[in-house]
Amino acid sequence: MRALLLLSLLLLGRPHENFAQGEFAAGWSALQRGDYAAAANIFAAAASLRPEAAVGLSLAYQELGRYDESRAAVTAALSAKPDAGLHLRLGELELFLGDQPAALRHFAAARELAPQDPAAQFQHAALQWQFGERMESRRVFEALLRRYRTTPGLPAREIALVARACIFLERFHDANRLFEQAVKLEPQDWRLYLPWGELFLEKYNESEAAAVFREALQQNPHCVPAQLGLARCQAAGDLGAAIAMTKAVLAKHPNHPAARVLAAELLLTANHESAAAEHLATVRKAFPRHCPALSLQAVLADRRMDQAAVNQIIAQVAALNPQDPVVLMSLAADAARRYLFKESVAYYRRALALDAQNWAAVTGLGISLSRLGQDQEAKQLLETAYRHDPFHVPTVNLLNLFDEYEQYDTLRTAHFLIRLHRDDRPIIGAQAAALCEAAYQAMAPRYRVKPPQPITVEIFPKHDDFAVRCFGLPGAQYFLGICFGPLVTMNSPRARERGEFNWQETLWHEIAHVMHLELSANRIPRSFAEGLAVYEAARARSEWGMNMELAMLRALRAGQVLPLHELDESFTGQAERVSLAYYQASQMVEFITQRHGFDKVLALLPHFKQGKKTEAAMQAVLHQTSAEFDRAFLQFLREKFQPERVQTELLTATPVDKMLAKMAGQPPHPPVMQDGDRLRRLAENEPNNFFAALLYGKYLAQNKQPAEAEKYLRQAKTLLPAYGGADNPYELLADLFWQQGRQQEAVAELEFLTSHNGEALAAALTLADWQLARRDSAGAAVALARALAIYPYDSKRQRQLGELYLALRQPAVAVPAFEAVLGLQPADRAGAHCDLASAYLQLGKRDLARKHARLSLEIAPDYERAQEVLLRAVE
């Protein structure tokens, strides 16, 4: 980031106030508003006469992408007479083009010719800092700050230089204040905004950074650094939009090295490695010493597991600047992004061996260690980084989260260490522990793996705490859980809206990741990893499937099934595309298992461990090209989903009807069309259309025509039996049957639905009530257990479930339900303790029965039921 801060203000060098007078005023005015061609024409006329004109011409040529001419303009002027301003300009240009040694030579020459010039002092000291000359650089920065304090009326550009010096001095508040002062003095100077925006970006304040970059663009709409800054701000929230913004910049400035490097960086994040390599090759051809481009080329080599090429690039950069850890930092960050935390830790340690005061490396090392579960060393490192940079948002967030761990309890099982908030422990603790061990016993033998133990599972009561643990920042609403290998993190069910997700499915899904991450050394492609985890969850329980048959049907009918070579890249796109990619990947695992056996799935993992991509691994194990696999897989999907048998688009409907059909199944619930004749015609004209039958059946049910409604709802169910989303035919038929007194049929509809949709909370609760009304205690207990697996923070339902288990003589499962009731702080605590005492008594644990009976009587001494339980417990 220091390099970015240097590059962002190349134009903030030597003040040129004298240029704004006389014949040069028009040239500087054109440069200021972004009319670089006009500026170049003006300055060219006088470049051979005045050094200031040569500087202006060089600046204009640089912005036009004419870099050789930019250098030549200054070199020609220097041949006539040595000049500090000319050397400063050449140093800025060389730094922009990535040649640090050449830039340092020119900055040193500028400082020798004009030792008191603030711009020469700063630029030389800033680059010396990167070459490891920290003491001398710090002396210069402190002198610049003293000059500001003792010299009133400094111009805006010099104040901005002092602000930049304050960044090196770790005086971030002062830097922010000085940047603000500078732009107030000269708000029209777009160059002043750039390092200020970079500062906000460095501190993960994208919103403030974006505002500053937009201010720069208001002054100069053609300011490329500000455009690139906005793209970087956008990348955290919408990577695709950031890539598009960068491509737009390159369309107008194809030779801009920073734009090409940013494009490569973003494309690497999106796993578009070939496209990233093309951009880097373009930069390297023109600017072979460009360190940021070299760093990303090392990343590409590391992804290929070509250690010789990585070492060669590290040596090449070390020859340019032995103290610069830029390559190692890029390698470490990319390894962490790919969940290769052991490798990330190693690279960060090597970076710190070169530059022990690189606080970004200290922070990165701490974060990577935390994701390996090595929290003690991680916290020490983050505290060190915080002392030097208290405004680094991920550092602050993680330290605050570690402090909150005092409110967490720890459960230990044979293979797991489970950390969860003390308020969650009585509600989900026992179930989490049992589920973890059940998942381990179900999957570890099948995968033939013994992960390092204990496996740490952290369950967070607030989603933003979970996001901070995973990303250092709040947000990331799409994620419910993340597995880093030996560490699993996830949302508690109370971290989301009631009924939003099934926490037990999420936990099983993440433990599945533990298995294949261990076998592949975390190198399994994300598509295959998610496919395996979704497959394992659906295999464990029928209600844990993704319920995306409708989306797959639409993809098949539209020819939008993702080919194998695009599947990995789809995981960085829009949410809808990512969801389909998850589901398609799970179907891919099912296909391989059915066609070739699960051993072939396992046989892929060692190839992933060697760094092979999915296509290469498939070729090695299944002896199929990607095209051959795609054809066979597509045939499997067509045979399974039969897209020709059912329509999901209303072909003869009006545009409004089609919109409603597309909305169906997506919350919020769509309005029901009230034109019965039109709905009837749609259903009659398209007898194989799922939504035509569904919408007409719903209309008929709401208009008290049960016989006809049943006909069309059964037709919808037959056309798409797996559909269990909103407004599904199962709930509509169940309501219809219950109202008609056909209770067994009503119950059967909801039993099927809740056994195939693990998020159908309302249906599960309704089913439980109906089963109770039918005096089916066992059926009611199954339905309530499914409901409470989705949302367990319902004391009434927990108590109801516990009572059902007691009636069924199943005290072992009644105990967790009654413990959950106590944990939810009910008004009737005496009754809750008595219920728990009854369960323990039935279980044969008389000591615990006596304990809770006495606790009940302490609250209500005359409570007869508690007295009776206590007497039976002491017999």
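A few remarks follow.
- Among V362, Q744, P461 - extreme Cα towards positive end, dipole of the chain, charges at beta-carbon: V362
- Simple rule: put +1 on each Lys or Arg Cβ and -1 on each Asp or Glu Cβ in the chain, find the dipole, and look at L517, L841, V534; the Cα lying farthest toward the positive end is L517.
- Estimated FRET transfer efficiency when R0 is 60 angstrom, pair R680-A143 (beta carbons, to 0.05): 0.10
- Euclidean distance between Cα centres, region 182-218 to region 148-164, Å: 17 Å
- Eligible aspartates and glutamates near K184 by straight Cα distance, threshold 16 Å, same-chain separation 8 or greater: E158, D174, E215
- Rg in Å to one decimal, and Dmax rounded to a whole Å, for the chain via C-alpha atoms: 33.0, 112
- Fully extended contour minus Cα-Cα distance, from E868 to D409, at 0.36 nm per residue: 161.8 nm
- Computed from label points 7 Å out along Cα-Cβ, the spacing between A748 and R829 is 4.9 nm.
- Nearest 10 degrees, 0 to 90: helix 690-702 Cα axis against the chain principal axis: 50 degrees
- Cβ-based charge dipole, region 237-317, positive-most Cα from A309, L267, A293: A293
- Heavy-atom accessible surface of region 346-425, averaged per residue, reaches 45 Å², computed with a 1.4 Å probe.
- Segment T718-R775, extension gain: residue separation times 0.36 nm, minus the distance between their alpha carbons: 17.5 nm
- Computed with a 1.4 Å probe over protein heavy atoms only, the accessible surface of region 237-317 comes to 42 Å² per residue.
- Antiparallel bridges, percent of DSSP beta bridges restricted to the chain (to nearest 5): 40 percent
- Degrees separating the helix 326-337 axis from the principal Cα axis of the chain, which is the longest one: 10 degrees
- Charges were assigned to the Cβ only: +1 to each Lys and Arg, -1 to each Asp and Glu. The resulting dipole of the chain about its Cα centre is roughly 980 debye.
- Heavy atoms of K717: accessible area, 1.4 Å probe, square angstrom to 10: 40 Å²
- If R0 is taken as 56 Å, the Cβ-Cβ distance between A620 and K704 corresponds to a FRET efficiency of 0.35.
- Gained length - S579 relative to S29, 0.36 nm times residue gap less alpha-carbon distance: 192.8 nm
- For V457, the residues 5 or more places off, or on other chains, whose built amide H falls under 5 Å of its own are L417, I418, R419, V488.
- Accessible-area rank, largest first, for M329, M245: M245, M329, with all protein chains present and a 1.4 angstrom probe.
- Between helix 307-320 and the chain: long-axis angle, C-alpha atoms, 0 to 90°, nearest 10: 30 degrees
- Accessible surface, 1.4 Å probe, highest first, among residues W738, W196: W738, W196
- Pairwise centroid distance, computed over Cα atoms, of region 769-818 with region 509-558, Å: 30 Å
- Label-point separation, E649 to D735 (7 Å along Cα→Cβ), nm: 3.0 nm
- Listed residues R539, R681 arranged by accessible area, highest first, probe 1.4 Å: R539, R681
- Here the dipole of region 363-431 is about 200 debye; that uses its Cα centre as origin and unit charges on the Cβ of Lys and Arg (positive) and Asp and Glu (negative).
- Label-point gap, in nm, between K285 and Q323 - each point 7 angstrom along Cα→Cβ: 3.6 nm
- Paramagnetic reach from R809 in region 843-860 [backbone N under 13 Å; point 7 Å along Cα→Cβ]: 843
- Vicinal HN-Hα couplings computed from phi for region 421-437 (Karplus, 6.51 cos²θ - 1.76 cosθ + 1.60; Hz; Gly/Pro x): 4, 4, 6, 8, 4, x, 8, 10, x, 5, 5, 4, 4, 5, 5, 4, 5
- Cα Rg, Dmax (largest Cα-Cα span) when computed across region 324-391, Å: 10.8, 29
- Candidate cross-link partners of K640 among the aspartates and glutamates, defined by an alpha-carbon separation under 14 Å and a same-chain spacing of 8 or more, comprise E549, E590.
- What you get for region 324-391, charging only the Cβ of Lys and Arg (+1) and of Asp and Glu (-1), is a dipole of about 200 debye around the Cα centre.
- Karplus (6.51, -1.76, 1.60) ³J(HN,Hα), θ = phi - 60°, over region 276-290, in Hz, Gly and Pro reported as x: 4, 4, 5, 4, 5, 4, 5, 5, 5, 5, 7, 9, x, 9, 6
- Carbon plus sulfur fraction of accessible area for the chain, probe 1.4 Å, in percent: 51 percent
- Net charge contributed by nearby residues that have their C-beta within less than 11 Å of R260 (K/R +1, D/E -1): +1
- Pairs from the table (K252/K342; K203/K609; K247/K613; K717/K796; K285/K613) lying more than 32 angstrom apart at Cα are K252/K342; K203/K609; K717/K796.
The values are calculated or read from the model by the stated rules, or taken from the named source; none is laboratory data. Since the structure is predicted, the reported quantities are computational estimates derived from the model, not experimental observations. Cβ atoms come from the backbone with ideal geometry, glycine included; neighbour counts cover every protein chain shown. With ligands, DNA and RNA removed, areas are computed over all heavy atoms of the protein, side chains included. Shrake-Rupley method; radii C 1.70, N 1.55, O 1.52, S 1.80 Å.
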